[in-house]
Amino acid sequence: MTPSHKKPRTQDLERLLEISRKLNSTQDLDTLLTSIVEAAQELIQCEASSILLYDEDAQALKFVAAPISQKEELKNMLVPLKNSVAGRVYRECQPVIIQDGKSTPDIFRKVDKKLTFETRDLLAAPLLFRDDPIGVIEVINKEGGDPFTADDIHILETLASHAATAIQNTRLLEEVQLAYAELEQLDHLKSNFISIASHELRTPIGLVLGYSSVLKETATDKDIRSKIDVIHKSALRLKRVVEDLDQMDRSERGQAQVHRGSVRIAALIQKTISELNKKAAAKEISIKTEIQDKDLIITGDEKKITTILTNIIDNAIAFTPKGGRVLISTEKISGYMKCSIIDNGIGIPAKDLPRVFDRFFQVENPMTRKHEGIGLGLSVAKTLVELHKGEIWAQSVEGKGSNFSFLLPIGSKMAFVENKVFI
């Protein structure tokens, strides 16, 4: 090859590289496609170039890019898949060269008539994405009447690849943006539902608990008393669910805050255990403690720390079989109190372990599960631990048990910078 031929070839490669750079630097599809048809005209040295995409509704090809002088005239023009060169290229997924347009019936002359233009020769290549056609790129009337070459085909196929990538990327981006918008709408509706539901349920649950407590005290018939006790326990369960929903709603809305005070950890753990003892006793589960410092006092929100302990211990009891055991241990670690709740229950599958703190996540199938709850307890515990500027994590071996541990700062200097901490 002589030096005189190398320069144009180098220029072609540089122009293609420029298109590639633009592909990665702009999200404006119209601008990019316009630059591609302009590059096709320049590199192949022809009178016009255009890009057509398949329109699912019209079941035809539609112009999406063309020279500025032709763009307005072509924007509503549809090219059929049959009896057109572009349609043939789209159907067969192969480039086509027409050197003598006057004797070729497949040229769609309605375009020529619309533009008062004559197509003498034509080169077209398919726009392929993952081997599926999405459109066609064409160049028309090579300058000087020269025939289209193998280099022209290579250039057009390269530009077709760029165009297909840009179009699909834009479509995928639009789909992602639409999906995010729908998710945001659903999340907004869910948050409103949770807020309204938790608010509206508080009063009737309070009435059920109040009246059931009175009836338990006044009823003399043992059978009636046992039935009232079932009602009272069920209302307490529902109250816990509503409180978890309310806590999650406040956190999501940025309304949760820590009301700090002195908290005696050993006493709080014992109080929490006493409230869960009946549930543990019903399954013959023993609850033991290993408290390193029984006089340890930390700065935190007692009500929220109680919820953390209750939710994790209750979860351990729920997923530990009859006759099992739960151990609660505490120790001091570099300005933090570490608390671990260890059980010898059913454990968590390795694939599910990363999601145990997700809202509404349940290891069991919700349609066939045996355990209570709606999958909020551990999520709420995580939120409240992090609200205290602490950390929570889980370790588990399926079939052998689980260990849920969390760290809480001991002193106020470790815990927060301002008096109130919001999330």
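Would you please name the residue that is farthest from Gln70 (Cα to Cα), looking only at residues in region 109-158 that are assigned to a strand (DSSP E or B), touching an Asp or Glu at 6+ places or on another chain (Cβ under 8 Å) and aliphatic (A, V, I, L, M)?
Ala125
Could you figure out which of (1) in contact with a Lys or Arg (Cβ under 8 Å, 6 or more places away or on another chain); (2) open to solvent by 20 Å² or more (accessible area, probe 1.4 Å); (3) farther than 21 Å from Phe404 by Cβ isn't true of Ile228?
It fails just one condition, (2).
Exactly one of (1) open to solvent by 60 Å² or more (accessible area, probe 1.4 Å); (2) assigned to a helix (DSSP H, G or I) is unmet by Thr220. Its number?
If we test Thr220 against (1) open to solvent by 60 Å² or more (accessible area, probe 1.4 Å); (2) assigned to a helix (DSSP H, G or I), just (2) comes out false.
Among Lys142, Lys113, which is touching a helix residue (DSSP H, G or I) at 6+ places or on another chain (Cβ under 8 Å), open to solvent by 10 Å² or more (accessible area, probe 1.4 Å) and of a type in the set (Lys, Arg)?
Of Lys142, Lys113, the one residue that is touching a helix residue (DSSP H, G or I) at 6+ places or on another chain (Cβ under 8 Å), open to solvent by 10 Å² or more (accessible area, probe 1.4 Å) and of a type in the set (Lys, Arg) is Lys142.
Only one residue in Ile298, Ile313, Ile348 is closer than 20 Å to Thr383 by Cα and either within 36 Å of the chain's Cα centre (by Cα) or part of a helix (DSSP H, G or I) (or both). Which one?
Within the list Ile298, Ile313, Ile348, the selection yields Ile313.
Show the residue pairs meeting these rules: Cβ distance below 7 Å; 6+ apart or different chains; first residue within region 176-200 and under 17 Å from Phe360 (Cβ atoms) and part of a helix (DSSP H, G or I); second residue at pLDDT below 75 and not hydrophobic (A, V, I, L, M, F, W, C).
Ser191/Asp249; Ser191/Glu252; Ile194/Asp249; Ser195/Asp249; Ser198/Asp246; Ser198/Asp249
Out of all the residues in region 285-306, is one or more in contact with a Ser or Thr (Cβ under 8 Å, 6 or more places away or on another chain), surrounded by 16 or more Cβ atoms within 10 Å (Cβ to Cβ) and small (Gly, Ala, Ser)?
Within region 285-306, not a single residue is in contact with a Ser or Thr (Cβ under 8 Å, 6 or more places away or on another chain), surrounded by 16 or more Cβ atoms within 10 Å (Cβ to Cβ) and small (Gly, Ala, Ser).
Identify the residue in region 43-63 that is loosely packed, with under 14 Cβ neighbours inside 10 Å and charged (D, E, K, R) and, among all such residues, is nearest to Asn141 (Cα to Cα).
Glu56
For Leu123, state whether it is modelled with pLDDT under 90 and buried (at least 16 other Cβ atoms within 10 Å of the Cβ).
Numbers: modelled with pLDDT under 90: no; buried (at least 16 other Cβ atoms within 10 Å of the Cβ): yes.
Judged against the criteria, Leu123 is not a match.
Specify the residue that is farthest from Asp229 (Cα to Cα); the eligible residues are those in region 190-214 that are of a type in the set (A, V, I, L, M, F, W, C) and open to solvent by 90 Å² or more (accessible area, probe 1.4 Å).
Phe193
Hey, any hits in region 24-42 for a residue that's farther than 25 Å from Leu122 by Cβ, open to solvent by less than 60 Å² (accessible area, probe 1.4 Å) and modelled with pLDDT under 85?
Yes, region 24-42 contains a residue that is farther than 25 Å from Leu122 by Cβ, open to solvent by less than 60 Å² (accessible area, probe 1.4 Å) and modelled with pLDDT under 85.
Checking the condition open to solvent by less than 60 Å² (accessible area, probe 1.4 Å) and touching a residue at least 24 places away in the same chain (Cβ under 8 Å), which residue from Leu236, Leu268 passes?
Leu268
I'd like the residue in region 267-295 that is in a loop (DSSP other than H, G, I, E, B) and charged (D, E, K, R) and, out of all such residues, is nearest to Lys338 (Cα to Cα).
Asp293
Tell me the residue from Asp152, Asp246 that is farther than 30 Å from Thr306 by Cβ and surrounded by 17 or more Cβ atoms within 10 Å (Cβ to Cβ), please.
Asp152
Kindly provide the set of residues from region 64-88 that are among the β-branched types (Val, Ile, Thr), open to solvent by less than 30 Å² (accessible area, probe 1.4 Å) and over 24 Å from Gly144 (Cβ atoms), ordered by number.
Of region 64-88, the ones among the β-branched types (Val, Ile, Thr) are 64, 68, 79, 85.
From what's left, open to solvent by less than 30 Å² (accessible area, probe 1.4 Å): 79, 85.
Hit for region 64-88 is Val79, nothing else.
The values are calculated or read from the model by the stated rules, or taken from the named source; none is laboratory data. If you're wondering where the values come from, they're calculated on a predicted model, not measured in any experiment. Cβ: placed from backbone, ideal geometry, glycine included. Neighbour counts: every protein chain shown. To get the accessible areas, we keep the full protein, side chains included, count just its heavy atoms, and leave off ligands, DNA and RNA. Shrake-Rupley method; radii C 1.70, N 1.55, O 1.52, S 1.80 Å.
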